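Everything below concerns the one structure shown next.
Read-outs: derived from the displayed coordinates by stated rules, not from any lab. In this text the structure is predicted, and so the values were computed from the model without any measurement. Note that we place each Cβ from the backbone using ideal geometry, even for glycine, and neighbour counts take in every protein chain shown.
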Amino acid sequence: MKITLLNDLSAYGNCSLTANIPVLNVLGHETHPFPTAVLSNQTAYDSFFMKDISSFFGNYVAEWNKIGERTDCVYAGFSVDPSLPEKAADLARDYGALFFFDPVLGDKGELYKCFDASFVERYRLAARRADYITPNFTEACLLTGRDYHAVLGLPDEKSFTDNLLALAEKLFLNGAKNVVVTGAEWHGKMFNACFFEGNPLIYECSLQKKSYSGTGDLFDSVFLGYLLNGEPAESCVQKASDFVSECMAYSIRQNIDSRHGVNFIPFLKTLR
């Protein structure tokens, strides 16, 4: 299938478009990227150069329309323009395509340094229109108005996972058709909380000893690639989670800096 990718292009960091494109290509899909921003290296480094080019999105779409191109799925990831996910949703609507939204906003209870509260409000509007949305635990709290630290501080596993599912359900009730809340770590365990067409699911992932930038992009790409190949969403969560975990474990053994992202290239051949 044809997938329009809205994400940044970082020269160093092994993330975003450089993760999306090879994974989706290996899974049999044709990718058409719009780089929302170009970066010398991803933003987890102490210093980086970034140029916002999201204002050219309309030019891209106009040219695509001139040459008669269409798409089957619009994927929206990192953007430094808070209105861009809504424009991506508009494009999906106009093409009759699937809208897949990864609302990149923050992690570990905080907004990333290049965002402010205005992004949260605009992303809530786009989230309502998503066929699939994949916020991490922090982003799900931001989008639903929940207190990240209050949820994280719950005293037992069932209370924690029930609250994770409540986050996913609230995003569903607000309009998103399918939800995966990713990367929720609690007391040495890692969970994904899903709400697929009204059905709740908790998937416990392997927790690695080290965190890496770009794992969300990898998860999205594997999940979406299998989904567009007709796999059930529940199976896609398992395959994406297991793939990311395997890549992380390998990268830890190689002692790769967390800012460099995981070395996933050796594992592309395992995607079928």
Dipole of the chain, Cα-centred, from +1 at each Lys and Arg C-beta and -1 at each Asp and Glu C-beta, to the nearest 20 debye?
260 debye
For the peptides 108-117, 6-15, what is the packing order when you average, over each peptide's residues, the other Cβ atoms within 10 Å and list the highest mean first?
6-15, 108-117
How would you rank Leu154, Leu39, going from fewest to most other Cβ atoms within 10 Å of each one's own Cβ?
Leu154, Leu39
Quick check: convex hull of the Cα atoms in region 8-122, volume per residue, rounded to a whole Å³?
116 Å³
What is the ratio of the Cα radius of gyration of region 146-202 to 2.2 N^0.38 Å, with N the residue count, to two decimals?
1.07
So for region 83-180, what percent of the C-alpha to C-alpha distances run longer than 21 Å?
32 percent
Please give, to one decimal in nm, the separation of the simple spin-label points placed at Cys114 and Leu268, each 7 Å out from Cα toward the Cβ.
2.4 nm
Gyration tensor on Cα atoms of region 184-264, a ≥ b ≥ c root eigenvalues, a/c under 1.5 rounded, else prolate if a/b beats b/c, else oblate, says oblate
Taking the Cβ of Asn20 as the center, what net charge do the other residues with Cβ under 14 Å away carry, scoring Lys and Arg +1 and Asp and Glu -1?
-4
At a temperature of 25 °C and a viscosity of 0.890 mPa s, determine how fast region 119-272 diffuses translationally according to Stokes-Einstein, using the Kirkwood radius over alpha-carbon pairs as Rh; express D in µm²/s, rounded to the nearest whole number.
154 µm²/s
Residue by residue through region 239-244, what is 3J(HN,Hα) from phi via Karplus (6.51 cos²θ - 1.76 cosθ + 1.60, θ = phi - 60°)? Round to whole Hz and write x for glycine and proline.
5, 5, 4, 5, 5, 4
All-pairs alpha carbon distance profile, the chain, 5 Å steps from 0, percent:
1, 6, 13, 18, 21, 19, 14, 6, 2, 1, 0, 0
Rank the residues Ile256, Ile67 as a footprinting-exposure proxy: fewest other Cβ atoms within 10 Å of their Cβ go first.
Ile67, Ile256
Computed from the beta carbon distance with a Förster radius of 45 Å, FRET efficiency for Glu30 and Ser206 to the nearest 0.05 stands at 0.90
Would you list, by chain and number, the aspartates and glutamates whose Cα falls below 14 Å from the Cα of Lys209, excluding same-chain residues fewer than 8 positions away?
Glu185, Glu246, Asp257
In Hz, Karplus ³J(HN,Hα) per residue of region 225-234 (6.51, -1.76, 1.60; θ = phi - 60°; x = Gly, Pro)
x, 5, 4, 6, 8, x, 6, x, 4, 4
The farthest towards the positive end of the charge dipole of the chain, of the residues Gly96, Met190, Met248, given +1 on Cβ of Lys and Arg and -1 on Cβ of Asp and Glu, is Met248
